[in-house]
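Novice: Right, I'll just put the structure down here and ask away after.
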Amino acid sequence: MFNSLSDRLTATFKNLRGKGRLTEADVDATVREIRRALLDADVAVPVVREFTARVRERSLGAEVSGALNPSQQIVKIVNEELVEILGGETRRIRLAKTGPTIIMLAGLQGAGKTTLAGKLSKWLKAQGHSPILVACDLQRPNAVTQLQVVGKRAGVPVFAPHPGATSELEHPAGDPVAVARAGVEEARQKLHDVVIVDTAGRLGVDAEMMEQASQIRRAIVPNEVLFVIDAMIGQDAVNTAMAFDEGVNFTGIVLSKLDGDARGGAALSVASVTGKPVMFASTGEGLDDFELFHPDRMASRILD
Ligand code: GDP
């Protein structure tokens, strides 16, 4: 990902090589290339503007000294700024001190939430946790079944509404908030230490969906709310992320479909406008196509 950015930077830095100190014209030429490359990578326009302004300011003010030549100096600055925006250190899941750790998933329909639920639960299970999945996406007829399939593949139980039940207590079938509450209660009773709650998305940001997600958040008070976003989303990333941040105040970002053609600009856009860390990357349809997101590695990859 970011091939184009790294190619452009390499080309520009080549031109800088050999110069003893950076002139304002050098910095501006470099910054222009960075701007163009980030826009090509589909990083949102306001984010590009802010990023390049910071790189420019730091590059102009930077002492070009000893160990680093000017181009290395700018690479270092770009690298540091990228790492910073992407969340700094790798952010781990915050586990609850008592009772089950509650993780809620939010995002647009098709973003990859249900798939992520399977991946995350399998990953946690491999680390010795005992997760349970809760199916709160009651919008799409197939969503509950899809989560059950994923749970089976991951070897993790799924708590789902019970269509045959009759009383309100055992039949929260139509009400995702009740299902979420009941799912957390099930986890407590069956001594699961992690609950992953899958919620409904829509194709676009929608007030009713957001209100539902927000109600679920208030009802179960999750330790983490993970916002799942398709890496291919491009310029829409900013508006979608801001709407979800306002609606559910998410705690971390999961970038899905990083195996596709996307240059990953969405990661930078979303992290930059929300100030939230990217925590995981989803890199395929298989349950093992999932990794912790490392801001420093990603930044190095961008600059390689
Ligand atoms: P949800 O509506 O947010 O629950 O999204 P799903 O989990 O149902 O995923 C939507 C589609 O994207 C499915 O066909 C998944 O197989 C696919 N998908 C999910 N994550 C990834 C990923 O990381 N890479 C690729 N290539 N496909 C993915």
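The values are calculated or read from the model by the stated rules, or taken from the named source; none is laboratory data. These figures come from a predicted structure and were not determined experimentally. Positions of Cβ are generated from backbone atoms using ideal geometry, with glycine treated the same way; all protein chains shown enter the neighbour counts.
Novice: Select from segment 216-236 the residues that are within 15 Å of the chain's Cα centre (by Cα) and either assigned to a helix (DSSP H, G or I) or within 16 Å of the ligand (Cβ to nearest atom) (or both) and list them in ascending order.
Specialist: Across segment 216-236, the qualifying residues are Val225, Leu226, Phe227, Val228, Ile229, Asp230, Ala231, Met232, Ile233, Gly234, Asp236.
Novice: Could you please tell me which pairs satisfy a Cβ distance under 8 Å, a separation of 6+ or placement on different chains, a first residue in segment 21-41 that is free of Cβ contacts under 8 Å to residues at least 12 places away in the same chain, and a second residue that is buried (at least 16 other Cβ atoms within 10 Å of the Cβ)?
Specialist: What qualifies is Leu39/Val48.
Novice: Look at Ala187 and say whether it is at pLDDT below 95, assigned to a helix (DSSP H, G or I), away from the ligand (no atom under 16 Å from the Cβ) and among the hydrophobic types (A, V, I, L, M, F, W, C).
Specialist: No, not satisfied.
Novice: Just give me the residues in segment 91-109 being surrounded by fewer than 16 Cβ atoms within 10 Å (Cβ to Cβ) and either within 16 Å of the ligand (Cβ to nearest atom) or under 15 Å from the mean Cα position of the chain (by Cα) (or both), in sequence order.
Specialist: The one that is surrounded by fewer than 16 Cβ atoms within 10 Å (Cβ to Cβ) and either within 16 Å of the ligand (Cβ to nearest atom) or under 15 Å from the mean Cα position of the chain (by Cα) (or both): Arg92.
Novice: From Asp245, Asp259, which residue is surrounded by fewer than 21 Cβ atoms within 10 Å (Cβ to Cβ) and either modelled with pLDDT under 95 or in a loop (DSSP other than H, G, I, E, B) (or both)?
Specialist: Of the residues listed, the single one that is surrounded by fewer than 21 Cβ atoms within 10 Å (Cβ to Cβ) and either modelled with pLDDT under 95 or in a loop (DSSP other than H, G, I, E, B) (or both) is Asp259.
Novice: Now a separate question. Considering only residues that are more than 13 Å from the ligand (Cβ to nearest atom) and of a type in the set (Val, Ile, Thr), look in segment 111-149 and name the one that is nearest to Val195 (Cα to Cα).
Specialist: Ile132
Novice: Here's a follow-up. Could you count how many residues in segment 45-70 are touching an Asp or Glu at 6+ places or on another chain (Cβ under 9 Å) and not charged (D, E, K, R)?
Specialist: Total meeting the criteria: 5.
Novice: Does any residue of segment 237-260 turn out to be out of contact with any Gly (no Cβ under 8 Å at 6 or more places or on another chain), within 12 Å of the ligand (Cβ to nearest atom) and small (Gly, Ala, Ser)?
Specialist: yes
Per-residue answers, yes or no, for (1) within 21 Å of the chain's Cα centre (by Cα); (2) small (Gly, Ala, Ser); (3) modelled with pLDDT under 90:
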| position | (1), (2), (3) |
| --- | --- |
| Ala11 | no, yes, yes |
| Asn15 | no, no, yes |
| Ala37 | no, yes, yes |
| Ala62 | no, yes, yes |
| Glu89 | yes, no, yes |
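Novice: For segment 274-287, how many residues meet the condition of being in a loop (DSSP other than H, G, I, E, B) and either more than 10 Å from the ligand (Cβ to nearest atom) or aliphatic (A, V, I, L, M) (or both)?
Specialist: Final tally of qualifying residues: 4.
Novice: Out of Ala213, Ala271, Ala200, Ala267, which single residue is within 14 Å of the ligand (Cβ to nearest atom), within 12 Å of the chain's Cα centre (by Cα) and in contact (Cβ under 8 Å) with a residue 60 or more places away in the chain?
Specialist: Exactly one residue qualifies, and that residue is Ala267.
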